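Before any comments, here is the structure.
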Amino acid sequence: MTGKSWLRIKGVDFLNPILTASGTFGFGDEFRKFTEVNLLGGIFTKGLTLKEKPGNTGERLFETSGGLMNSIGLENPGLARFKKDVV
């Protein structure tokens with residue numbers, strides 16, 4: 001690693017405090033047209049499983065008095081398709 005580490009957690013260095021939130025950043029593809037993703041301090045992607053998961057059916061977001069509750073069901077392309085299409 002080059003440069004000064006802002007934070008180190010379990011041997012992983014973060015160069016600055018600008019980090020993404022898991023889930024809302026997806027796998028980052030949509031954000032590449034807005035910013036240089038490599039300048040972020042770290043990226044927390046959505047969940048990824050070995051096999052593709054279609055996620056939950058029906059309504060996935062529920063409004064509550066305290067905000068939103070989701071029931072997405074870890075929808076993701078699976079590792080093989082992730083490596084082929086995303087990486």
Expressed in nanometres to one decimal, the distance between label points 7 Å along Cα→Cβ at Ser65 and Leu50 is 4.4
Here, chymotrypsin sites (Phe, Trp or Tyr not before Pro) of the stretch 11-65 satisfying both criteria (DSSP loop; at most 10 other Cβ within 10 Å) are Phe34
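Return the loop-located GluC sites (Glu not before Pro) in the stretch 50-87 (DSSP other than H, G, I, E, B) with at most 12 other Cβ atoms within 10 Å of their own Cβ; answer none if there are none. The partial results should precede the final answer.
Numbers: sites: Glu52, Glu59, Glu63, Glu75; in loops: Glu52, Glu59, Glu75.
Counting only loop positions with at most 12 other Cβ atoms within 10 Å, the GluC sites (Glu not before Pro) in the stretch 50-87 are Glu59.
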Exactly which trypsin sites (Lys or Arg not before Pro) in the stretch 1-61 are in a DSSP loop and have at most 12 other Cβ atoms within 10 Å? Lys4, Lys10, Arg32, Lys33, Lys51
Spread of Cα-to-Cα distances over 10 Å intervals beginning at zero, given as percent, for the stretch 48-87: 29, 35, 26, 9, 0
Note down the magnitude of the dipole of the stretch 1-46 about its Cα centre, charges +1 on Lys and Arg C-beta and -1 on Asp and Glu C-beta and zero elsewhere, to the nearest 20 debye. 140
Return the Rg/Rh ratio of the chain with Cα-based radii and a Kirkwood Rh. 1.04
Contour minus Cα-Cα distance for Val86 and Phe27 (0.36 nm per residue): 20.5 nm
Under a point-charge model restricted to the Cβ atoms of Lys and Arg (+1) and Asp and Glu (-1), what is the dipole moment magnitude of the chain relative to its Cα centre, in debye to the nearest 20? 380
How high is the FRET efficiency between Leu19 and Thr57 when r is their beta carbon distance and R₀ equals 25 Å, given to the nearest 0.05? 0.20
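Taken together, the values in this text are just the output of simple stated rules run on the coordinates, not laboratory data. The shown structure was predicted, so the numbers you read here are calculated from the model rather than taken from an experiment. Heads up, the Cβs are rebuilt from the backbone with ideal geometry, glycines too, and the neighbour counts pull from every protein chain shown.
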